[in-house]
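Asks: My structure is below; once you've seen it, I'll send some questions.
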Amino acid sequence: MVPDINLLPQLEKRKASPKLLYGLMLVMVGIIIAYFLFLFFTSKNDVARLTAEEQALTAQLKQLQEELDARKSVDQGSLEESVTFIQNVSYPVTPLIDETRILLPAQSYLRSYAFGANTVNIEVDFETMTDISAYVERLLLSNFFSDAQINTVSNFEIELGEQKELTPEQRFKEVPRYSVSITATIDFMYLAGGRRS
């Protein structure tokens, strides 16, 4: 009998799949760790930024709270003091309104009036400077007012609506209007009498 002797080295296929699987798992773990590190550092930067913003907002809140407390601490007086003040400075306004309207020149427009403790602030639109001076003169001659002063005079153009823009020649011919703010001091002695003579 002949012995079966094989002197050639045995070549078997080595199993490479576990190494490939381990390599893929290692790469996946590396990617996951890199992603978590990225999230960690970006979150750290966001936390630092938000902390700084929170400190700035806290400082602003503190400043606004101090301003609010300062405004609240201003002596506002009691309700009785307010009623007493209003009773002391109250006066009939209808005669004053009538007087300011009666004295207006023909081509003028009374925009508004505001009553103060001793004065009436009047906003009027006039066509000419002459009308302004005539109105102030009438206020000075009125028994209801002891003084009248012009605060501001400003001119304005009348809006033309949907018309086209004016040429320079047309603008030159256009008469400007004047808006005037006047402060008239009330004569309480005459106002207490009630009517105009």
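Asks: Return the total of residues in the stretch 129-141 being open to solvent by less than 10 Å² (accessible area, probe 1.4 Å) and closer than 14 Å to Glu99 by Cβ.
Replies: Looking only at that region, the number is 2.
To keep it simple, each residue is scored yes or no on (1) surrounded by 10 or more Cβ atoms within 10 Å (Cβ to Cβ); (2) under 32 Å from the mean Cα position of the chain (by Cα); (3) over 30 Å from Ala117 (Cα atoms); (4) at pLDDT 90 or above.
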position	(1), (2), (3), (4)
Gly30	yes, no, yes, yes
Tyr35	yes, no, yes, yes
Ala59	yes, yes, yes, yes
Leu68	yes, yes, no, no
Ser73	no, yes, no, no
Ser82	yes, yes, no, no
Asn88	no, no, no, no
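Asks: Okay, next question. Would it be correct to say that Ser112 is farther than 21 Å from Met189 by Cα and at pLDDT 90 or above?
Replies: yes
Asks: Scan the stretch 133-154 residue by residue and report those that are in a strand (DSSP E or B) and of a type in the set (D, E, K, R).
Replies: Asp147
Asks: Could you list, in sequence order, all residues of the stretch 112-124 that are farther than 20 Å from Leu141 by Cβ and surrounded by 12 or more Cβ atoms within 10 Å (Cβ to Cβ)?
Replies: Passing the criteria: Phe115, Glu123.
Asks: If you don't mind, there's one more thing I want to ask. For the stretch 152-165, check the following and say yes or no: at least one residue is modelled with pLDDT of 90 or more, under 21 Å from Glu99 (Cβ atoms) and among the polar types (S, T, N, Q).
Replies: No, the stretch 152-165 has no match at all.
Asks: Quick one: in the stretch 147-156, which of the residues that are closer than 12 Å to Ala184 by Cβ and surrounded by fewer than 16 Cβ atoms within 10 Å (Cβ to Cβ) is farthest from the chain's Cα centre (by Cα)?
Replies: Asp147
Asks: Taking only the stretch 94-111 into account, find how many residues are hydroxyl-bearing (Ser, Thr, Tyr) and exposed (fewer than 15 other Cβ atoms within 10 Å of the Cβ).
Replies: 2
Asks: Surrounded by 10 or more Cβ atoms within 10 Å (Cβ to Cβ) and at pLDDT below 90, is that true of Tyr22?
Replies: yes
Asks: State whether the residues of the stretch 170-180 include one that is open to solvent by 60 Å² or more (accessible area, probe 1.4 Å), touching a strand residue (DSSP E or B) at 6+ places or on another chain (Cβ under 8 Å), among the hydroxyl-bearing types (Ser, Thr, Tyr) and modelled with pLDDT under 90.
Replies: no
The values are calculated or read from the model by the stated rules, or taken from the named source; none is laboratory data. These numbers were taken from a predicted model, which means no experiment stands behind them. Don't worry about glycine lacking a Cβ; one is built from the backbone with ideal geometry, like all the others, and counts go over all protein chains shown. With ligands, DNA and RNA removed, areas are computed over all heavy atoms of the protein, side chains included. Shrake-Rupley method; radii C 1.70, N 1.55, O 1.52, S 1.80 Å.
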